[in-house]
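Where a number appears in this text, it was derived from the coordinates with a stated rule and is not lab data. Just so we're clear, the structure is a prediction, and the values are computed from it rather than from any experiment. Ideal geometry is used to build each Cβ from the backbone, glycine not excepted, and the neighbour counts take in all protein chains shown.
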Protein chains: 2
Amino acid sequence: MTQTRRERLRETTFAEIKSVARQQMAEQGTAAISLRAIASQMGMAAPSLYNYYKSRDDLITALLIEAFNSLADTLETASLAIPTKNGGEKLFAAYLAYRDWALRNSTDFSLITGSPIPGYHAPENITTPAAKRIMGLFQLLWREACSQNQFIIPAEYTEIPDGLRQQLEAWKEFEGNYLPPAVLHLLLASWAQAQGMVSLELYGQLRNNLKEPFEFYQFEIRSLLKRVGLSVQNN
Amino acid sequence: MTQTRRERLRETTFAEIKSVARQQMAEQGTAAISLRAIASQMGMAAPSLYNYYKSRDDLITALLIEAFNSLADTLETASLAIPTKNGGEKLFAAYLAYRDWALRNSTDFSLITGSPIPGYHAPENITTPAAKRIMGLFQLLWREACSQNQFIIPAEYTEIPDGLRQQLEAWKEFEGNYLPPAVLHLLLASWAQAQGMVSLELYGQLRNNLKEPFEFYQFEIRSLLKRVGLSVQNN
DNA sequence: AGGTTAAACTAACGGCGTTAGTTATTTAGA
DNA sequence: TCTAAATAACTAACGCCGTTAGTTTAACCT
C-alpha cells in the first residue's frame with residue numbers, strides 16, 4: 001500500500017483545491033466558488049482542475065460531504081463527551097453545538113441546508129448517507145433521553161393522527177430503530193426548530209427583534225427539553 | 001394624472017420583465033435570473049434592461065419585495081377571512097397558509113429566506129419594512145389569541161431569563177405593541193418552527209423520513225397551539 | 001416643425017464553466 | 001536502463017454572464 005510519489009502529490013493537490021475553495025467560500029460567500037479563481041490562487045490554469053474534479057458541481061459535492069461530516073463530528077464530540085449519564089444534558093449540548101457550528105461555519109451550513117448555489121443540486125445518493133449520520137446521532141441521543149425516568153411525552157403528543165403515525169412507523173422500521181412515534185416526531189420537530197432558529201439568525205431575519213439570539217435559542221431548546229421532563233443545568 | 005403613452009408602455013415593460021424573470025426563476029431555479037435570458041425571451045437586447053433596473057441586483061430586489069407582499073397578502077386573507085372569533089383558528093390558518101404559500105411559490109420562499117443568489121445581498125432598508133408587515137400580522141394574530149380566555153402561557157415559558165426578557169421588552173417598546181415577553185417569545189419560536197419545517201421539506205431533507213410532510217406540519221402546529229390552550233378544529 | 005428626452009440598439013470588456021488538443025513529466029514494464 | 005503508457009500540466013477557444021459606452025430611432029412637448 002505504499003503510495004507512489006505521484007499519488008502523494010495528487011492527494012495534496014486534492015486537499016489544496018478543497019482548502020482554497022473553502023477559503024474563498026468563507027471570504028466571498030457560498031456562491032463564489034469559481035474554478036478560475038481557485039486555480040489562479042493556486043498558480044495553475046483553470047482547466048487543470050478537471051484532472052481532479054470532473055466539474056464544478058463535483059467539487060461542490062466534495063465540499064458538501066466534508067461539511068456534513070464536520071457537523072456530525074462536532075455534534076458527536078459535543079454530546080458524547082458529556083461525562084454525565086443525563087440524556088437531557090447530552091441533547092442540550094448537541095443542540096447548542098449545532099447552532100455554534102452553523103454560526104462558525106456559516107457557508108458550510110448554507111451548503112448543507114437550502115439551495116445555496118446557482119445551478120447546483122446535490123446528488124441524493126451522496127447527501128442522503130451523510131445526512132443519515134447526523135440523523136442517526138440524534139436518534140441515539142433521543143433514545144438515551146427516552147430511557148431517563150424523568151422523561152415524559154407531553155400531553156399534546158400522546159395522540160398522533162393515524163396518517164402521521166403510519167409514516168413515522170414506516171420510517172422506524174426502515175431505519176431499524178426503536179423510538180416510539182411520539183419521540184420520532186419530537187426529534188423531527190426539534191430539528192426543524194433548531195434549524196429554523198439558526199437560519200433566522202444567520203440570514204439576519206432576527207436582527208430587528210433580538211440583539212443576542214443566543215439567549216433566545218438557548219431558552220427555547222431548554223424549554224423544549226423541559227417539556228419532555230428533562231431539565232438542564234443553568235450552565 | 002393621465003399617463004402619457006410612453007409611461008403606460010414603460011409600466012407594462014416593467015411588469016413584463018418581472019413576469020419573465022419570475023417564470024425563468026420558477027423553471028430553472030432562483031439563481032437562474034439572467035438579464036440576457038430575460039431580454040432574449042422578451043425579444044430585446046440585454047443592455048436595454050438597464051433602462052428599467054440599474055442592475056441585476058435591483059431587479060432581484062424588486063422581485064423580493066413582491067414576494068414579501070405576496071406572502072403577506074396570502075397570510076392576511078387566509079387568517080383575517082376566518083369568520084370565527086377564535087384566535088386559535090386564525091393563527092392555525094395563517095401557519096397553514098405559510099407552508100402552502102412556500103410550497104406553491106418555492107422560488108419566492110427561497111428568495112425571502114436564506115441567501116439564495118450568487119452575489120446578491122438584500123439591502124436592509126428595503127427588506128426590513130416588508131418583513132415587518134408579516135411580523136406585524138403575526139403580532140396582531142397572537143394578540144387576538146392572547147385575549148381568548150382559554151389562552152395560557154405554558155409552564156416552561158413562565159420564567160424567562162433576564163437577558164432574554166430585556167431583549168423582548170426592548171423590541172416590544174420599539175414596535176409599539178403590547179404583547180408580554182412570553183408571547184413574543186412564542187411568536188418567534190413558532191415562526192422559527194414553521195420556517196424550519198417548511199425548509200426541511202422544501203429542500204428535501206425530510207424525504208427519507210416522511211412521505212407526506214403536511215401531516216407532520218399540521219400536527220406540530222396544532223400541538224403548538226394546544227400547548228397555549230388553543231385547540232383547533234379537526235378540519 | 002423642431003428640439004428634447006427616453007428607449008432601443010451594437011460593440012466591447014472582463015468574468016465564468018467547460019472542451020479540445022498539445023506538451024512535458026512521472027511511472028511501469030521489457 | 002531504455003521505452004511506451006499514463007498522468008498532469010498547459011494554451012486556445014466556445015458560449016454563457018453582467019455591465020459600460022456610444023449611437024440611433026422613436027416619442028413627447030412647445
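Every residue in segment B:33-69 that is under 11 Å from residue B:20 (Cβ atoms) and in contact with an Asp or Glu (Cβ under 7 Å, 6 or more places away or on another chain), please.
Of everything in segment B:33-69, just one residue is under 11 Å from residue B:20 (Cβ atoms) and in contact with an Asp or Glu (Cβ under 7 Å, 6 or more places away or on another chain), namely B:42.
Restricting segment A:1-13 to residues that are within 10 Å of DNA strand D (Cβ to nearest atom) and not basic (Lys, Arg), which is farthest from the other protein chains (Cβ to nearest Cβ)?
In this case the residue turns out to be A:4.
Does segment B:110-126 include one or more residues that are touching a residue at least 60 places away in the same chain (Cβ under 8 Å), away from chain A (no Cβ under 12 Å) and out of contact with any Phe, Trp or Tyr (no Cβ under 8 Å at 6 or more places or on another chain)?
Yes, there is a match, as at least one residue in segment B:110-126 is touching a residue at least 60 places away in the same chain (Cβ under 8 Å), away from chain A (no Cβ under 12 Å) and out of contact with any Phe, Trp or Tyr (no Cβ under 8 Å at 6 or more places or on another chain).
Residue by residue, here is whether (1) under 21 Å from the mean Cα position of the chain (by Cα); (2) closer than 30 Å to residue A:131 by Cα; (3) touching a residue at least 24 places away in the same chain (Cβ under 8 Å) holds:
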{"position": "B:157", "(1), (2), (3)": "no, no, yes"}
{"position": "B:162", "(1), (2), (3)": "no, no, no"}
{"position": "B:178", "(1), (2), (3)": "no, no, yes"}
{"position": "B:189", "(1), (2), (3)": "yes, yes, no"}
{"position": "B:202", "(1), (2), (3)": "yes, yes, yes"}
{"position": "B:208", "(1), (2), (3)": "no, yes, no"}
{"position": "B:229", "(1), (2), (3)": "no, no, yes"}
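Taking segment A:1-35 as the search range and keeping residues that are charged (D, E, K, R) and surrounded by fewer than 12 Cβ atoms within 10 Å (Cβ to Cβ), which one is nearest to residue A:105 (Cα to Cα)?
First, the residues of segment A:1-35 that are charged (D, E, K, R): A:5-8, A:10-11, A:16, A:18, A:22, A:27.
Now drop any that are not surrounded by fewer than 12 Cβ atoms within 10 Å (Cβ to Cβ), which leaves A:5-8, A:11, A:27.
Numbers: A:5: 34, A:6: 32, A:7: 30, A:8: 29, A:11: 24, A:27: 12 Å.
Residue satisfying both the conditions and the ranking: A:27.
Identify, by number, the condition in (1) surrounded by 22 or more Cβ atoms within 10 Å (Cβ to Cβ); (2) touching a Pro at 6+ places or on another chain (Cβ under 7 Å) that residue A:215 doesn't meet.
Of the numbered conditions (1) surrounded by 22 or more Cβ atoms within 10 Å (Cβ to Cβ); (2) touching a Pro at 6+ places or on another chain (Cβ under 7 Å), the odd one out for residue A:215 is (1).
Inside segment A:85-104, can you point out the residues that are within 29 Å of residue B:106 (Cβ to Cβ) and buried (at least 19 other Cβ atoms within 10 Å of the Cβ)?
Scanning segment A:85-104 gives A:95, A:98, A:99, A:101, A:102.
Looking at segment A:38-54 only, could you name the residues that are near DNA strand C (Cβ under 10 Å from one of its atoms), hydroxyl-bearing (Ser, Thr, Tyr) and more than 17 Å from residue A:111 (Cβ to Cβ)?
Passing the criteria: A:40, A:48, A:50.
Of a type in the set (Val, Ile, Thr) and either more than 12 Å from DNA strand C (Cβ to nearest atom) or at positive phi (or both), is that true of residue A:61? Even if it seems obvious, please write down each step before you answer.
Values: of a type in the set (Val, Ile, Thr): yes; either more than 12 Å from DNA strand C (Cβ to nearest atom) or at positive phi (or both): no.
So residue A:61 does not fit the description; no.
Conditions first: (1) within 11 Å of DNA strand C (Cβ to nearest atom); (2) among the aliphatic types (A, V, I, L, M); (3) in contact with a Leu (Cβ under 9 Å, 6 or more places away or on another chain). Residue A:97 passes all but one, so which condition is the exception?
Tallying (1) within 11 Å of DNA strand C (Cβ to nearest atom); (2) among the aliphatic types (A, V, I, L, M); (3) in contact with a Leu (Cβ under 9 Å, 6 or more places away or on another chain), residue A:97 fails exactly one: (1).
Hey, could you check segment A:14-26 for residues that are free of Cβ contacts under 8 Å to residues at least 24 places away in the same chain and within 13 Å of DNA strand C (Cβ to nearest atom) and say which is farthest from the other protein chains (Cβ to nearest Cβ)? Steps first, answer last, please.
Restricting attention to segment A:14-26, the residues satisfying the condition of being free of Cβ contacts under 8 Å to residues at least 24 places away in the same chain are A:15, A:19-20, A:23-24.
If we keep only those that are within 13 Å of DNA strand C (Cβ to nearest atom) too, we end up with A:20, A:24.
Details: A:20: 19, A:24: 13 Å.
Restricting to residues being free of Cβ contacts under 8 Å to residues at least 24 places away in the same chain and within 13 Å of DNA strand C (Cβ to nearest atom), the top hit is A:20.
Quickly run through segment B:212-235 and pick out the residues that are within 9 Å of chain A (Cβ to nearest Cβ) and among the small types (Gly, Ala, Ser).
Residue satisfying the conditions is B:223 alone.
Quick check on this structure: which one of A:134, A:126 is in contact with a helix residue (DSSP H, G or I) (Cβ under 7 Å, 6 or more places away or on another chain), surrounded by fewer than 19 Cβ atoms within 10 Å (Cβ to Cβ) and not basic (Lys, Arg)?
On the way: A:134 fails: surrounded by fewer than 19 Cβ atoms within 10 Å (Cβ to Cβ).
From the options A:134, A:126, the qualifying one is A:126.
Scan segment B:168-211 for residues that are more than 7 Å from chain A (Cβ to nearest Cβ), part of a helix (DSSP H, G or I) and of a type in the set (S, T, N, Q) and jot them down.
Answer for segment B:168-211, where residues must be more than 7 Å from chain A (Cβ to nearest Cβ), part of a helix (DSSP H, G or I) and of a type in the set (S, T, N, Q): just B:190.
Tell me which residues, restricted to segment B:215-235, are touching a Leu at 6+ places or on another chain (Cβ under 6 Å) and either part of a loop (DSSP other than H, G, I, E, B) or acidic (Asp, Glu) (or both). Write out each step before concluding.
Filtering segment B:215-235 for residues touching a Leu at 6+ places or on another chain (Cβ under 6 Å) gives B:215-216, B:219, B:232.
Answer for segment B:215-235, where residues must be touching a Leu at 6+ places or on another chain (Cβ under 6 Å) and either part of a loop (DSSP other than H, G, I, E, B) or acidic (Asp, Glu) (or both): B:215, B:232.
Applying the selection to segment B:42-69, what residues are among the polar types (S, T, N, Q) and either surrounded by 15 or more Cβ atoms within 10 Å (Cβ to Cβ) or within 8 Å of DNA strand D (Cβ to nearest atom) (or both)? It would help to see each step written out before you state the result.
Within segment B:42-69, the subset among the polar types (S, T, N, Q) is B:48, B:51, B:55, B:61, B:69.
Once the filter is applied, which keeps residues that are among the polar types (S, T, N, Q) and either surrounded by 15 or more Cβ atoms within 10 Å (Cβ to Cβ) or within 8 Å of DNA strand D (Cβ to nearest atom) (or both), segment B:42-69 yields B:55, B:61.
Checking the condition more than 14 Å from chain B (Cβ to nearest Cβ), touching a residue at least 24 places away in the same chain (Cβ under 8 Å) and either within 16 Å of DNA strand C (Cβ to nearest atom) or more than 28 Å from residue B:209 (Cα to Cα) (or both), which residue from A:75, A:35, A:103, A:91 passes? Spell out how you get there, then give the answer.
Numbers: A:75 fails: either within 16 Å of DNA strand C (Cβ to nearest atom) or more than 28 Å from residue B:209 (Cα to Cα) (or both); A:103 fails: either within 16 Å of DNA strand C (Cβ to nearest atom) or more than 28 Å from residue B:209 (Cα to Cα) (or both); A:91 fails: either within 16 Å of DNA strand C (Cβ to nearest atom) or more than 28 Å from residue B:209 (Cα to Cα) (or both).
Exactly one of A:75, A:35, A:103, A:91 is more than 14 Å from chain B (Cβ to nearest Cβ), touching a residue at least 24 places away in the same chain (Cβ under 8 Å) and either within 16 Å of DNA strand C (Cβ to nearest atom) or more than 28 Å from residue B:209 (Cα to Cα) (or both), namely A:35.
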